[in-house]
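Since the structure comes first, as structure tokens, the remarks are kept for the end.
Read the figures in this text as sums done on the coordinates, not as results from a lab. Everything numeric here is computed off the predicted structure, so don't read it as measured data. Cβ placement follows ideal geometry from the backbone for every residue including glycine, while neighbour counts extend to all protein chains displayed.
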Ligand code: IPE
Ligand code: IPE
Ligand code: MG
């Protein structure tokens, strides 16, 4: 696995929040905000590839988002299906590998097929892994991992749980960004964000552009990640920090 440039997080995770408010401010339907959110994601993926970020994980639809009005939920499902068909060829050209993380059991057979196809079509790409958390909840992930270990009669340890979770194929996020001004996790990456640096932006997701991403990365570059150690230990070459 090649490394990212200095000061650039290997793995960025994003709660893409604020689509609804973006639309409301323009007297547009919420779905127009979600459509603009897809544009913003395309721009963000390109920017991450250009900066040498290796993993980008985005929260696209939460376990709790099913509780939204029915027309918004079906609109979001349709948007996802269409975006896949439209975006996969370009993503593939850009070296992006798509992975979907979340509970597929309650998705339609058509949607499950579309996710599998997109994953298969991009499986060999190596520049950036794009994890799309779709019908995902951090609690669901921990519970399903524990249940699958129990069903196999395997011991439940930190490392076996980690290996049975949806994000086992990538290291934990270094930087976790939430746009839209709220300062909460909303059931995202509860396990994997244990030592992520948190960054909250007031920008609504459709307005989160390259400059905003660069601000977040610059903020991250100035952090001291101690992983439970002291500053003095980190400064001593003999004792490198324990990394996730
Ligand atoms: C985030 O934007 C996208 C999804 C949850 C699918 P929202 O739709 O939550 O936007 P706000 O928070 O209502 O502005
Ligand atoms: C989190 O945003 C989920 C996604 C971005 C997909 P929400 O808008 O659902 O979060 P809450 O309801 O404000 O906590
Ligand atoms: Mg929201």
Residue match in the stretch 108-121 (condition: away from ligand 3 (no atom under 16 Å from the Cβ), closer than 21 Å to residue 73 by Cβ and assigned to a loop (DSSP other than H, G, I, E, B)): yes
query: Only one residue in 125, 131 is in a strand (DSSP E or B), touching a strand residue (DSSP E or B) at 6+ places or on another chain (Cβ under 6 Å) and crowded, with 17+ Cβ neighbours inside 10 Å. Which one?
result: 131
message: Just to verify a result, which residue in the stretch 45-67, among those that are surrounded by fewer than 16 Cβ atoms within 10 Å (Cβ to Cβ) and within 17 Å of residue 17 (Cα to Cα), is nearest to ligand 2 (Cβ to nearest atom)?
response: 64
- line: Being closer than 24 Å to residue 184 by Cβ and away from ligand 3 (no atom under 14 Å from the Cβ) narrows 58, 38, 45 down to just 38
Per-region count, the stretch 200-212, residues assigned to a helix (DSSP H, G or I) and either within 16 Å of ligand 3 (Cβ to nearest atom) or closer than 23 Å to residue 167 by Cα (or both): 3
task: Could you figure out which of (1) more than 16 Å from ligand 2 (Cβ to nearest atom); (2) buried (at least 18 other Cβ atoms within 10 Å of the Cβ); (3) in a helix (DSSP H, G or I) isn't true of residue 42?
output: (2)
- line: Of the residues in the stretch 68-107, those that are outside any helix (DSSP H, G or I), free of Cβ contacts under 8 Å to residues at least 24 places away in the same chain and surrounded by 13 or more Cβ atoms within 10 Å (Cβ to Cβ) come to 68
statement: Of the residues in the stretch 156-199, those that are surrounded by 17 or more Cβ atoms within 10 Å (Cβ to Cβ), in a strand (DSSP E or B) and out of contact with any helix residue (DSSP H, G or I) (no Cβ under 7 Å at 6 or more places or on another chain) come to 176, 178
task: Evaluate the stretch 20-35: report whether one residue or more is buried (at least 16 other Cβ atoms within 10 Å of the Cβ), near ligand 1 (Cβ under 10 Å from one of its atoms) and within 16 Å of the chain's Cα centre (by Cα).
output: no
- prompt: Yes or no: residue 61 closer than 24 Å to residue 207 by Cβ, assigned to a strand (DSSP E or B), within 16 Å of ligand 1 (Cβ to nearest atom) and within 16 Å of the chain's Cα centre (by Cα)?
  reply: yes
